[in-house]
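The values are calculated or read from the model by the stated rules, or taken from the named source; none is laboratory data. No experiment lies behind these values; they were computed from the predicted model shown. Cβ sites come from the backbone with ideal geometry, for glycine too, and all protein chains shown count toward neighbours. Only protein heavy atoms, including side chains, enter the accessible area calculation; ligands, DNA and RNA are left aside. Shrake-Rupley method; radii C 1.70, N 1.55, O 1.52, S 1.80 Å.
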Amino acid sequence: MVRTYKPKTERCNINEENMKAAISDVISKKLSIRVAAGKYNVKTATLQHRIEKFRKSFEDSQASSSKSYSSKYTVAQVFSKQEEKMLTEYLLNCSKMHYGLSLQQLLVLAYEFAEYSGCKYPESWKKNKCAGKDWSRGFRMRNQELSLRKPENTSAARSFAFNRTAVNDFFDNYELVMLRYKFAPDRIINLDETGVTTVLSTPKVLAEKTQRQVGQMVSAERGELVTFCGIVTATGVALPPVYVFPRVHFKDHFLNGAPVGSLGLSNRSGWMTAELHVEVLKHIQRHTSCTKDNPILIICDNHESHVSIQAVNFCRDHGIVYLSLPPHTSHKLQPLDVSVFGPFKSKLKIAFNDWHIRNVGKTLSIYNIAELTKSAFLESFTPRNITSGFSKPGIWPFNRLAFGDDDFAPIEVFGARSQNEGDGGGLDLERLEVDFVGIETSQERVNENCAGDEILGSEADPLNHQSDIAAPPNLASSSSSVTSSPNVFPSTSETVLSPEAVRPYPKIVTNKKTSIKGREKGKSRIYTETPEKNRLEILQDKKERMRQLKMMKEKAKALKTAKNLLGLTETKKSRKKRVCLQSQSDSESSQNESIKLCDDYDNDLDELLDEETKEYSYAPDPENINIGDFLLIKFDKKKSTVYYVAKVLSKYNLTEYQVSYLRKKPGSCVFVFPNVEDLASVDFRDVVLQLPEPNFTKGTCRTSSHYTFSVNLSAYKVQ
């Protein structure tokens, strides 16, 4: 059977409104069938067939659930029109809460709903434990508001962060700034970064219809990242963009073919940093000529690179008011994310594909990105897209009511507690456990007040029948289901089950006993205000102290390791001897005797250390080795060990150095540097002595380059 059959003539096209009025007049005995057919321009046979079908359905509804048929396309439905409406509302609500159902989940839900509500359904449903594809096709055709869509991945953090409290805080700060400075739309600026890699997903291409797999050429498996920073104003003007290339040093040829006036920066990772963001602010200041007398407003997210104390100080000095968005809300509130970056990436995919077609066999690199992004930039950063991005979130023109209940539907998943948090950073999402929490008993899932099924729209009309239907066993009505569910319908005397009774709306259960720890909660802030500036300075000082403390710990750890390797610290054997002497003295004599033994031991240990110090007066110490010092370095061979004198040229760290070796003149204690410089890296563990300052031989120019040391090196085989 052809499922999409379209009649070639208009004889099957029936005006359902006229047919409905004609049936009403005939049933109420106002007109005969023939007169009503002539009055409403419908065929007599069709009108008579519809009346007989309706009377039969009315008789059947007295013993079963109420079914209403308004046209020939609703014959032999599993669910009534009212039940399908409830199912449609349920699907739409789940989609708004970011927990939409797939087509297969819909089929399973339809079977469970039909089984639970006692509807008559085909035998194949029970065998497969799901509805058939024919039913889903007809259901979607009868409910045109439903569509099979490809959803956008949305994290739980974004779903939770975008709530009324966070959005109202942003609008409060925005309104305060607008009332204080009265910014014109050309002085309201939004900036944001997006990543552009040398490998992007390819656009759709033409291929054979029966071909299973279609390939398209790209440069590599994974691309190299270049950060693209867009800057736009509320009047629809786009400032020259900023590029951050993954290089240590920036070269001018990186921007070949870029939009005129673009700024090029470089960073080893290709990401935006706090230092580079200050350069972006200088770029904006040059193009807007902002001063304290003619300020501008910059709206951006609160990324760490955007809210450094250096950026805030620059903004305060040059008349820039700095307003941040709430965390994890840029997908709804940031103009660039709302309507600009999407078209930009789409155009960029086409530009990349065109480049590969023109340059067969070549590899696209980061040096081509500036030229390729120019065409995408000019086609997507248009006044229409930019102004739409500012108007949709209600930034310009200012509109607090830009977001409705549907926009905040995902927060319903987190329960009432989330509404009062008002902050995207205040909930530890890793400790959340998703649980489909519904009403406790099945009795509470029955909707007592459901929408009536008005066929002809008149209470006096005999076609508007309402039959008393007994609820299934162990089911009762309750008004609590109306208040707890987001799907509320007008009241009627009929009792109809809701799909929520079979599959409750998703809810997240939090463990209230668990303490929430983490970084400070984020929110919308005016960072150029003095309290916020002072807060940033305190945070930066704290971070700097932590960094210095970490460096000191690492240095102390390296020093301890070096001393342990040289045996300069107290060994475990000596510590064990001290403990044994202490315990033995306590058991044999009094406390005074134990103190005396310990003192004697300490004296002996001090004398031993003094002797070792006298013998090794030039023992090396990592903290005292500086650039320019002379060291005695050992080299272990298979059967012997040789020693060389070296001068420290630089220090890699506390225990590694770069040295230049000297040579000993045969038969003397004189050392000279060789004609060819002998450089090498030395570890502290190979250092035997730290030599004193050398003595220079007075005399001719040749002898002035001779070095001697006031240390007896006869015990070492120095070369």
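Test Val244 against the criterion of being assigned to a strand (DSSP E or B) and β-branched (Val, Ile, Thr), and give yes or no. In short, yes. Listed conditions (1) surrounded by 11 or more Cβ atoms within 10 Å (Cβ to Cβ); (2) at pLDDT below 85 are all met by Ser714, apart from (1). For Val260, the requirement of being aliphatic (A, V, I, L, M), open to solvent by 20 Å² or more (accessible area, probe 1.4 Å) and in contact with a Pro (Cβ under 7 Å, 6 or more places away or on another chain) is met.
When the stretch 25-65 is filtered for residues that are surrounded by fewer than 14 Cβ atoms within 10 Å (Cβ to Cβ), modelled with pLDDT under 80 and not aliphatic (A, V, I, L, M), the ones remaining, listed by number, are Lys56, Glu59, Asp60, Gln62, Ser64.
Within the stretch 265-282, the set of residues being open to solvent by less than 30 Å² (accessible area, probe 1.4 Å), out of contact with any Lys or Arg (no Cβ under 7 Å at 6 or more places or on another chain) and without any contact (Cβ under 8 Å) to a residue 40 or more places away in the chain comprises Leu265, Ala274, Leu276, His277, Val278, Leu281. Within the stretch 622-639, restricting attention to residues that are part of a loop (DSSP other than H, G, I, E, B) and modelled with pLDDT of 85 or more, the residue that is most open to solvent (accessible area, probe 1.4 Å) is Ile627.
Every residue, every condition in (1) more than 22 Å from Asp406 (Cα to Cα); (2) open to solvent by 50 Å² or more (accessible area, probe 1.4 Å); (3) aromatic (Phe, Trp, Tyr), yes or no:
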site: Ser95; (1), (2), (3): no, yes, no
site: Tyr99; (1), (2), (3): no, yes, yes
site: Leu107; (1), (2), (3): yes, no, no
site: Tyr111; (1), (2), (3): yes, no, yes
site: Glu115; (1), (2), (3): yes, yes, no
site: Lys120; (1), (2), (3): yes, yes, no
site: Lys127; (1), (2), (3): yes, yes, no
site: Ala131; (1), (2), (3): yes, no, no
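Find the residue count for the stretch 662-682, including only residues that are closer than 19 Å to Asn712 by Cβ and within 59 Å of the chain's Cα centre (by Cα). Qualifying residue count for the region: 1. Consider the stretch 387-440 and keep the residues that are at pLDDT 85 or above and aromatic (Phe, Trp, Tyr). The one that is surrounded by the fewest Cβ atoms within 10 Å (Cβ to Cβ) is Phe398.
For the stretch 644-661, taking the residues that are surrounded by 19 or more Cβ atoms within 10 Å (Cβ to Cβ) and either of a type in the set (Ser, Thr, Tyr) or not in a strand (DSSP E or B) (or both), the one that is nearest to the chain's Cα centre (by Cα) is identified as Tyr657. Residue count for the stretch 214-241 under the criterion of being assigned to a loop (DSSP other than H, G, I, E, B) and either touching a strand residue (DSSP E or B) at 6+ places or on another chain (Cβ under 8 Å) or open to solvent by 20 Å² or more (accessible area, probe 1.4 Å) (or both): the result is 14. Taken across the stretch 392-402, residues that are under 21 Å from Gly230 (Cα atoms) and polar (S, T, N, Q) do not occur at all.
Residues that are within 17 Å of Ala562 (Cα to Cα) and either touching a Leu at 6+ places or on another chain (Cβ under 6 Å) or free of Cβ contacts under 8 Å to residues at least 40 places away in the same chain (or both) within the stretch 659-689 comprise Ser681, Asp683, Arg685, Val687, Val688, Leu689, listed in sequence order.
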